[in-house]
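Please read the structure below before turning to the comments.
The values are calculated or read from the model by the stated rules, or taken from the named source; none is laboratory data. Keep in mind it's a predicted model, so treat the numbers as computed, not measured. With ideal geometry, Cβ positions are generated from the backbone for all residues, glycine too; neighbour counts draw on all protein chains shown.
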Amino acid sequence: MPPVITSLLDTDLYKFTMWQAMLHRFPQTQAEYRFHNRRPAAYALAELQGEVERELDHLCTLSFGADELRYLSGLRFIKSDFVDFLRIFRFQRDFITVTRQGDELEIVARGPQVHVMAFEIFVLAIVNELYFRRFDADAAHAEGRRRLAAKIDKLRAFEQEPPRRHPFEMFDFGLRRRFSFSWQREVVDTFRRELPQFFKGTSNVRLAMALGLVPIGTMAHEYLQCFQALGVRLRDSQKAALESWVQEYRGDLGIALTDVIGMDAFLADFDLYFAKLFDGLRHDSGDPVVWGEKALAHYDKLRIDAHTKRLVFSDGLDIDSALMLYRHFADRTQLGFGIGTHLTNDMGLRTLHIVMKLTQVNGQPVAKLSDSPGKTMCDDETFLAYLRQVFGVVPAG
């Protein structure tokens, strides 16, 4: 079988945007990332250990091609010195280990953050594709194409509805849990051809380059988590992260992620200054309608016209839930819908729910206090309790 990863551009845009920010501002930071499987799989992921090891060996032989570097240089927010760094970058195999813990895989990337932070998406894509190679590919593709056609039909029927103030715009966010690279490309290319009025881009930089699409993404949880251990007061960590982002990108990449410590704690820090500087907010946990109403109420309180802002939804969406949210909010603000697994791995098979999250920075624990309790990530209960206390977050349940 061919390797899962054949290009270092086959990753999410926000990896590059966070990578550049960390290289410019905190290049000396040490970090640890850990793989986690959130629910049992059809067979033990530990069986994949040898194959994962070989895929990582191959990953560490790859470098960016000249055409890929030219493409990145053409993105106005990517700086020339970062491209020069990528020109000589290679993953170091010593920085990542794969072991078995019972039926599960334990994958840990540990080292300088600018050398280990990009492992995440590749590891998730590798584990997913190796896992699904054990199923009947012909049957999966047949079912996947049937479901893909149904999605296209559903959106064409939706097009007959009366227009709302703001358009329906969706993006592919499905790299990390895709069935395979080839299937993700087929899905993205199909939406690009069939529904260009709705389909506006992909987080996968390789596919954006290959298919002439807009690459989509700004920041992920790890970026804001880092600031919990980067020398500012813990209470000021979110504000420091947002300020650093503004200074790095100066108006580009203006969608802020809200659920690292929960929406209420985020909005307490998202004052008039940030609300004017950022173009909008991204939802990734908790009830999306409640979240959206809180966001709009916050803009209203600050006397900001919500029609000038954008709410991006990206938590476990499918076409139905995206359309439901669109109908609820489309007359009140601009919207975007990042759909992942339900685009790139809707094959009639039970999908994996795997993540690889930042757990330590400079030897200190960091945490994500999600609005969905099952998404909270931290190995240190003492630090979690302290974080909740500092931000006034009451544990769910």
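For (1) closer than 25 Å to Pro112 by Cα; (2) in contact (Cβ under 8 Å) with a residue 24 or more places away in the chain, each residue gets a yes or a no:
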residue	(1), (2)
Met219	yes, yes
Tyr223	yes, yes
Phe227	yes, no
Gln238	yes, yes
Ser244	yes, yes
Arg250	no, no
Ile255	no, yes
Val260	yes, yes
Phe266	no, yes
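Taken together, Ser370, Ser321 contain a single residue that is in contact (Cβ under 8 Å) with a residue 24 or more places away in the chain and in contact with a Gly (Cβ under 8 Å, 6 or more places away or on another chain), which is Ser370.
For region 48-89, a residue qualifies if it is assigned to a helix (DSSP H, G or I), surrounded by 13 or more Cβ atoms within 10 Å (Cβ to Cβ) and of a type in the set (Val, Ile, Thr), and the qualifying residues are Val52, Val83.
Residues that are part of a loop (DSSP other than H, G, I, E, B), surrounded by fewer than 16 Cβ atoms within 10 Å (Cβ to Cβ) and not β-branched (Val, Ile, Thr): does region 383-390 have at least one? Scanning region 383-390, I find no residue that is part of a loop (DSSP other than H, G, I, E, B), surrounded by fewer than 16 Cβ atoms within 10 Å (Cβ to Cβ) and not β-branched (Val, Ile, Thr), so the answer is no. Exactly one residue out of Ala125, Ala109 is in contact with a Leu (Cβ under 8 Å, 6 or more places away or on another chain), buried (at least 19 other Cβ atoms within 10 Å of the Cβ), in the same structural domain as Lys368 (by TED's automatic domain parsing) and among the small types (Gly, Ala, Ser), and it is Ala125. Among the residues making up region 93-113, those that are over 23 Å from the mean Cα position of the chain (by Cα) and free of Cβ contacts under 8 Å to residues at least 40 places away in the same chain are Arg93, Asp94. Answer yes or no: is there a residue in region 322-341 that is closer than 21 Å to Val123 by Cβ, out of contact with any Pro (no Cβ under 8 Å at 6 or more places or on another chain) and aliphatic (A, V, I, L, M). No, every residue in region 322-341 fails to be closer than 21 Å to Val123 by Cβ, out of contact with any Pro (no Cβ under 8 Å at 6 or more places or on another chain) and aliphatic (A, V, I, L, M).
Taking the criterion of being surrounded by fewer than 20 Cβ atoms within 10 Å (Cβ to Cβ), β-branched (Val, Ile, Thr) and out of contact with any Lys or Arg (no Cβ under 6 Å at 6 or more places or on another chain), would at least one residue in region 20-29 satisfy it? Yes, because at least one residue in region 20-29 is surrounded by fewer than 20 Cβ atoms within 10 Å (Cβ to Cβ), β-branched (Val, Ile, Thr) and out of contact with any Lys or Arg (no Cβ under 6 Å at 6 or more places or on another chain). Criterion applied to Arg100, Arg34, Arg39 was being out of contact with any Pro (no Cβ under 6 Å at 6 or more places or on another chain), outside any strand (DSSP E or B) and in the same structural domain as Val366 (by TED's automatic domain parsing), and the one residue passing it is Arg39. Does Gly50 satisfy being assigned by TED's automatic domain parsing to the domain that holds Thr359, over 24 Å from the mean Cα position of the chain (by Cα) and touching a residue at least 12 places away in the same chain (Cβ under 8 Å)? No; evaluated as a whole, the condition is false for this residue.
The requirement of being surrounded by fewer than 19 Cβ atoms within 10 Å (Cβ to Cβ), not basic (Lys, Arg) and not in a helix (DSSP H, G or I) is fulfilled somewhere in region 135-144, by at least one residue.
One residue stands out in region 1-57 among those that are modelled with pLDDT of 95 or more and among the hydroxyl-bearing types (Ser, Thr, Tyr): the one that is nearest to Leu72 (Cα to Cα), namely Thr17.
The selection criterion, being of a type outside the set (A, V, I, L, M, F, W, C), crowded, with 18+ Cβ neighbours inside 10 Å, under 19 Å from His24 (Cα atoms) and assigned by TED's automatic domain parsing to the domain that holds Phe171, holds for Glu248.
Would a scan of region 219-228 turn up a residue that is within 18 Å of Phe168 (Cα to Cα), outside the structural domain of Thr29 (by TED's automatic domain parsing) and at pLDDT 95 or above? No: zero hits. Could you tell me whether any residue of region 137-155 is basic (Lys, Arg) and over 15 Å from Asn345 (Cβ atoms)? Scanning region 137-155 turns up at least one residue that is basic (Lys, Arg) and over 15 Å from Asn345 (Cβ atoms). For region 1-19, a residue qualifies if it is β-branched (Val, Ile, Thr), surrounded by 16 or more Cβ atoms within 10 Å (Cβ to Cβ) and more than 16 Å from the chain's Cα centre (by Cα), and the qualifying residues are Val4, Ile5.
Filtering region 289-324 to residues that are touching a Leu at 6+ places or on another chain (Cβ under 6 Å) and under 25 Å from Arg147 (Cα atoms) leaves only Phe313. Every test in (1) surrounded by fewer than 22 Cβ atoms within 10 Å (Cβ to Cβ); (2) at pLDDT 95 or above; (3) not aliphatic (A, V, I, L, M) is passed by Thr202 save one, and that test is (1). For region 178-194, residues that are surrounded by fewer than 24 Cβ atoms within 10 Å (Cβ to Cβ) and farther than 16 Å from Ala208 by Cα total 2.
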